[in-house]
Structure formats: C-alpha cells, structure tokens
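J.: My questions all concern the structure below.
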Amino acid sequence: MHASDDKIQKLINPIESVAPAPGFGDGSSVPLDIRAQAEADRLGFWADRARELEWQTPFTEVLDWSNPPFARWFHDGKINVAVNCVDRHVAAGNGDRVAIHWEGEPGDTRTITYNDLHREVQRTANLLESFGIGKGDVVAIYLPMIPETVFAMLACARIGAVHSVIFGGFSADAIRSRVDSASAKLVITANGSVRKGRVFPLKETVDKALETPGHSVEKVLVVRRPEHEIDMVDGRDVWWHDVIEGVSDTHEAQAFDAEHPLFILYTSGTTGQPKGLWHASGGYLTQAAYTHRTSFDLRDNDIYWCSADVGWVTGHSYTVYGPLANGATQVMYEGTHDYPSLDRWFEIIERYGVTIFYTAPTAIRGFMKTGREIPLRHNLSSLRVLGSVGEPINPEAWEWFRDVIGSGKTPIVDTWWQTETGAHMIAPLVSQDALKPGSAQRPVPGVVVEVVDENGNRVDPGQMGLLTITEPWPSMARGIWGDDQRFIETYWSQFPGRYFAGDGAGVDLDGDLWLLGRVDDVMNVSGHRLSTAEIEATLDEHPFVAESAVVGADDETTGQAVVAFAVLKHSQREAIAAEDDVETLLRKHVAASIGAIARPKMLFAVEELPKTRSGKIMRRLLKDVSEGKPVGDTSTLTDAAVMDAIAQKVAARL
Ligand code: 6R9
C-alpha cells in the first residue's frame, strides 16, 4: 500500500513522545520486563495470566490451534467466570470492599459491596434456574445501566447460560433478530430506562419485538426502574421484585469448560446483518482481567470508571468482567453526560474521587466543543490515568484530555481493540512507556500484530498498511454464532492464517502504531491514498473546529473526492463571525497542512455529526448524501434529525 507523502512524513518524523510522569512507575504491579517475558515464552506468559484466575480444574494445554481459525485456549481446564468475579474476592476477605458505586440519572445512588454482589448474583442465579434456564441456554438482556444488569450477566455466567446483551437503545426489530438468531429462551428487561429525565419504553419495545409468533422466548423478566405503567402478558411476563422475593441467596456454582460460551454480542459489519460474535469463558476472562490491570496500571486504592454502556463490548470487558475479576472498586452511571447539565460526569469524578477514567474520543471532542470552563469548575485532581477507546484519537483531543481533564499530568492510554478481539490488543504501558499523543503505540504484551501491504507483506517503518494479527490470543472471538463460514470469510480469508482487523495502520520509525480507522474509510483521490482520519485530525487541530468527519465521495474525475463536515466551536463564535468564509478558510487549512491533494472539494459547517449510539460517526451516511444519494438507514443513529439537516445543506450545494 502506498501511503501519501505527507503521512509518511508524519511516520518518519513521529510526534515527540511525552515521558511518563516522574515516579509514575513506583508502586506499579506491572513488571518492567513484561514485554521481554511475553516475547521469551508467549504461551507460557498467557498460561501465567490464566493462572491468576481461580480454576476448579487446572488446564494442562494452553492453546489448541489444530483447527484454525477456531482456537481453544486452556480447554481442558474448568472455570466459573462469576466465581472469579465475585466469590473469590469474598473468600479472600474483601467482601466489604465496594464493587460498584452506582448512580442513577435522577441522582439516586446504591453502594454495592462484593458481599452484596455475592448475594445478589446467587439469588439471581437461583431465580434463573427456577425458570428452567441452564447451561447453554441463551438469555437476552435488554436493560439500562442499573445494578440488575450486572447481576443478570453474572448470574448467567454462574449457571453456564449464555447472555446476549442488546443495547437499550435498539429497536424492536433489532431485538427480534437477535432473539431469533440465538433462540433466546428468556428476555430480561425493565419497565423503562431513564434518559434525560424522560422514560424510554424498554418493555413496550420488547412486547413489539415479540408480537409476531414463532419466537423462542418463554419468559420475560421485568425490572422496575422508573415510575412507568406497563402491560404484563399473562403467563409470560414476571416482575423481578415479585419473583426474587424469598429466593435463596446461596447457590452452589458448578465449573464449566474453559471453552464454554460466555456471551454473544452483535456488532454491525460493513454490510448485511449484524454479526453475533461469541466469546468463550476462560480465555476471555484471562485477557479482560490482565489488560484491565496492565493497561490502566490498576492499583489497590483505585476508583475506576468506564463510561461505556454494557450494551457494547467495552461495557462487557471493562465495566463487568475485567474490573470485577480484578476485585476493583468502580463507578457505574445510568445516564448521559449532559443531563441535567454538562457538569454531570465531572461531578461524578469529583464526588467519588475517580482515579482511572476510560471514555471515548467522541465524548472528549464533545467536551472540547462546549469548552474547558465546564470541567475546570470541578476538582478532578484524583484522576491518575485516562483511557480512550472506540475511534482514533486525534493528537489535539489527546492533549486536551490530558491538559484539561487530567490537570496536565495524567498519562492517556489509547486502547485499540474490537468486539471480535474481546479485550485490548494495542495500548501503551502507562506505567513505563513514554507516550505519543495520537498513537496506540505497541501491542499488548502477548499479542503479535503486523502491518502489511495488500499482498500480506510486512510494510517498512514509515509506511501505512493493513492491521493484521498473526498469532491467536486468548480473548479472540470463537466464531460468529451459528455461522462458522462467515467468520472465516470475514476475518481470515484476506490473509490466510492471519486475522484481518479491517483497520488501516501506520508504523513510525520508532515502530509505534498509528491507527487510521477502518480501511473502508481510506480514500483514493487521483490515485493518492488518503486517510479520512488524517484529514480529520488536521481539521480538528484548527482552533475553530470542535469535531469533524471526512468521507471519500465517488467522483468522475478523481475517483474519489474529499468531502468534509466540521462542527465549529461555540467558544469561537466571535472569531468565526469575523471571517467572511469559514468553509474556504478550513479547506485552505487542510491544503496547507497536508497538501493540495487533501484539500476538501467541499466542506460543510454543520451543527452536529451523525453518530451511532456508541458514539461512532456514521461516515457511510455522509458519503451517500455527498454522492447525491438519498439518506440511507438512520435507525442506528442517536438522532436522525441531525442527518436530515445535513442532507438538506448538502443537496442545496450539489
Ligand atoms: C472496542 C470497540 C471496533 C473498531 C475498530 C476500530 C475502532 C476502536 C480504537 C479504534 C482507533 C482506537 N477503534 N478503538 N480505532 N483507535 N483506540 O470500539 O469495539 O465497537 O467492535 O469497534 O473501532 O476501527 O475496528 P467495536
């Protein structure tokens, strides 16, 4: 793959790194030679990580890779994931430790210790068993960010049932297709979720999903959350608080094979139906726990908070399984960052003394847009480590995150991974690495990646290419539920014997990795390959720009043309108003900093960008309107009106 000359420049003259804060490594449990250990004996290294968990039957074989790409890790061992996340900490005398400081959107709170969690998970496990749910049965969970969601997931794990969490903002159709594709027997939901002071009707949505017969659901278990009346279907629906009454809070856990399925999680592909990736118990928990500890340099007195919803993989691995396996104390918050005011997240950080905060670039850029005054109203000095996930983080957002939220001192750990990988794959070691704003830097110790060209040959330092993973890893998805062939075709056919992530990446002269976004986001303009992420980062550097999205729209002359969308900073209103043509100014800025080839053919200043509920920018929709096509399916957007406004603006100019 040929990188643009400018990109090569950046990879050849990498941004200067930021040394770890003095003394940062003191007290870290991450060994200084951890990379050397992993390189010397990779499988032995993973076996040691797995042995940090509690196994009912120890494994004797680390990896069975005799039938690639279907890996089996620690397969002759037996383990109970819930016991590892709960009972083990109680048995070690840490039952009084707070597992979850939960805060509801209206401001109600619950403090859940490991002892409490132990009782609740056992009770819930008994309840599910009383419904006839057992090993291998699939349970769909469509719940808000409330403690019962964690109880339900861990109860499934405890009895060997397979959970399939459906994000609480998805539609009835999305629920139905997920229920059908895995033949879920039970749906756990709530009478509603609380969103910006209003009730989002979860139960009604489930009713609608199950309206037409022919589904596998026998029971619907309903948590009561907001004040909101719902209809209950006789013989099918039961209230959680009614049926849990009197259920025993002791439950003997059985151990399951390490390869027993733990959960299914659907993720959208570039085309077609969502894919239900499934993860196995032992390997998944091993890597979730290890990376949660190592990437964030987790320490005993940390108060950890991951702002992701459990409906996404980040919530699975870094709100539920990783932190709880590590016996951490964490914050769990039900609502949005801007209700009742834009101070909400910062109030929470201040109130609980959060030390590790893990969030997404889209949230950071949102805060940049509303201005530093809001976070600076709060004492955020407890923060020690900040994490980023979900999208490439542009150097400007990285620096703002550190300077404003992190009081100029916290390291930022950029973590690259996917639903498919289960846990972090590329991330710096914050306790010992010098950091580079905008780079995810190195594979996690134990993980082996290679950036290759289209023929699968490793690219030289200073070049861009495609990100592949060359060796199996413990938390890799074991397949697409019910569709092994699609798993092989989607991830393992492009480069036989390797996993192809679908992301582009560059390697700089220090060997550090720069994630460039999905390769479908790579544009080809007059034969020059340009990364949407690179142009976006350039726009984001401009003082007027809060956030931007760039697409390659089909163009008769140049193959593709760069079309850019920029959200302008409110705080710069006056300066912007003084310019007579801010759009031309920004186009020139791109040309000046990357080169004329990257100058957007069109640039639109817009109020907001279209985003999925997990915060990913839907570039595909922007591409369609830029090509004069009608706006496609907007059902996964947080706010469909955003896209309509953009479409009108673009149509007026085409
Ligand atoms: C964890 C998660 C996976 C896709 C992935 C990539 C993008 C995630 C990133 C990142 C650059 C990072 N992505 N983390 N890109 N830097 N630190 O987000 O999983 O929802 O499956 O998305 O997200 O493009 O391929 P998932």
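Computed from the coordinates by the stated procedures, all read-outs in this text should not be read as laboratory data. Remember, it's a predicted structure, so these values are computed and weren't measured experimentally. Heads up, the Cβs are rebuilt from the backbone with ideal geometry, glycines too, and the neighbour counts pull from every protein chain shown.
J.: Spin-label point model (7 Å from Cα, Cβ direction): what's the MET602 to TYR339 distance in nm?
T.: Computed distance between label sites MET602 and TYR339 equals 3.4 nm.
J.: Still on this structure, please answer the following. Could you give the length gained on full extension between ASP554 and GLN37, defined as 0.36 nm per residue of separation minus the Cα-Cα distance, in nm?
T.: That pair, ASP554 and GLN37, stretches by 181.3 nm at full extension.
J.: Once you've got the Cα coordinates, tell me which of LYS203/LYS623; LYS196/LYS616; LYS219/LYS623; LYS409/LYS601; LYS203/LYS649; LYS369/LYS409 are over 32 Å apart.
T.: From the list (LYS203/LYS623; LYS196/LYS616; LYS219/LYS623; LYS409/LYS601; LYS203/LYS649; LYS369/LYS409), the Cα-Cα distance tops 32 Å for LYS203/LYS623; LYS219/LYS623; LYS409/LYS601; LYS203/LYS649.
J.: Sort 415-424, 541-550 by packing, meaning the average of other beta carbons within 10 Å per residue, with the highest value first.
T.: Taking the mean over residues of other Cβ atoms within 10 Å, the ranking is 415-424, 541-550.
J.: Tell me which trypsin sites (Lys or Arg not before Pro) from the stretch 326-427 have a DSSP coil assignment and no more than 13 other beta carbons within 10 Å of their own.
T.: Here the sparse-neighbourhood loop sites are ARG377, LYS409.
J.: Ok, one more. Determine one quarter of the surface area of the Cα convex hull of the stretch 498-654, which equals its mean projected area, and express it in nm² to one decimal.
T.: If you wrap the Cα atoms of the stretch 498-654 in a convex hull and average its projections, you get 11.1 nm².
J.: What net charge is computed for the residues neighbouring TYR266, neighbours being all others with C-beta under 10 Å from the C-beta of TYR266, Lys and Arg scored +1, Asp and Glu -1?
T.: That works out to +2.
J.: Which values of log₁₀ I(q)/I(0), to two decimal places, follow from the Debye formula for the chain at q = 0.07, 0.09, 0.11 Å⁻¹ with a uniform point scatterer at every Cα?
T.: Per q value, in the given order, log10 I(q)/I(0) is -0.43, -0.74, -1.15.
J.: Principal axis lengths of the stretch 89-225 from Cα atoms, whole Å, largest first?
T.: 49, 39, 19 Å, listed from the longest principal axis down.
J.: What do you get for Rg/Rh over the stretch 295-453 if you use C-alpha atoms and the Kirkwood form of Rh?
T.: The Rg/Rh ratio comes out at 0.94.
J.: Quick check: pseudo-label points 7 Å beyond the Cα along Cα→Cβ at GLU129 and ARG458, how many nm apart are they?
T.: Modelled inter-label distance: 5.2 nm.
J.: OK, next. Taking N as the number of residues in the stretch 168-215, what is its alpha-carbon radius of gyration divided by 2.2 N^0.38 Å?
T.: Normalised by 2.2 N^0.38 Å, the Cα Rg of the stretch 168-215 equals 1.17.
J.: Under 11 Å from a label point 7 Å along Cα→Cβ of ASP48: give me every residue in the stretch 64-79 with its amide N that close.
T.: Backbone N within reach: none found.
J.: Obtain the nm distance between the two label points defined at ASP96 and SER183 by a simple spin-label model: each point lies 7 Å from its Cα along the Cα-to-C-beta direction.
T.: About 4.9 nm separates the two model spin labels.
J.: Sorted by mean Cβ packing within 10 Å, highest first, what order do the peptides 182-190, 51-59, 616-624 take?
T.: Put in order of decreasing packing, that is 182-190, 616-624, 51-59.
J.: Could you check how many percent of all C-alpha pairs in the stretch 212-367 are farther apart than 23 Å?
T.: 59
J.: Note the direction-averaged projected area, equal to a quarter of the hull surface, for the Cα convex hull of the stretch 423-496, in nm².
T.: One quarter of the hull surface, i.e. the mean projection, equals 6.2 nm².
J.: Please work out how much length the chain gains when fully extended from ARG198 to VAL18, using 0.36 nm per residue of separation minus the C-alpha to C-alpha distance, in nm with one decimal.
T.: 60.4 nm
J.: Using just the helices of the chain, give the 222 nm mean residue ellipticity in deg cm²/dmol: DSSP H runs with n ≥ 4 each add -39,500 (n - 2.57), and the total is spread over all residues, rounded to 500.
T.: Roughly -8000 deg cm²/dmol at 222 nm, from the helical runs in the chain.
J.: Gain in length, ASP581 to ALA651, computed as 0.36 nm per residue apart minus the alpha-carbon separation, to one decimal in nm?
T.: 23.3 nm
J.: Here is a follow-up. What percent do you get for the relative contact order of the stretch 322-459 when only Cα pairs under 8 Å and 6+ apart count?
T.: Relative contact order here is 17 percent.
J.: Within the stretch 185-229, list the GluC sites (Glu not before Pro) lying in a DSSP loop whose Cβ has at most 12 other Cβ atoms in a 10 Å radius.
T.: Listed in order of number, the matching sites are GLU211, GLU227, GLU229.
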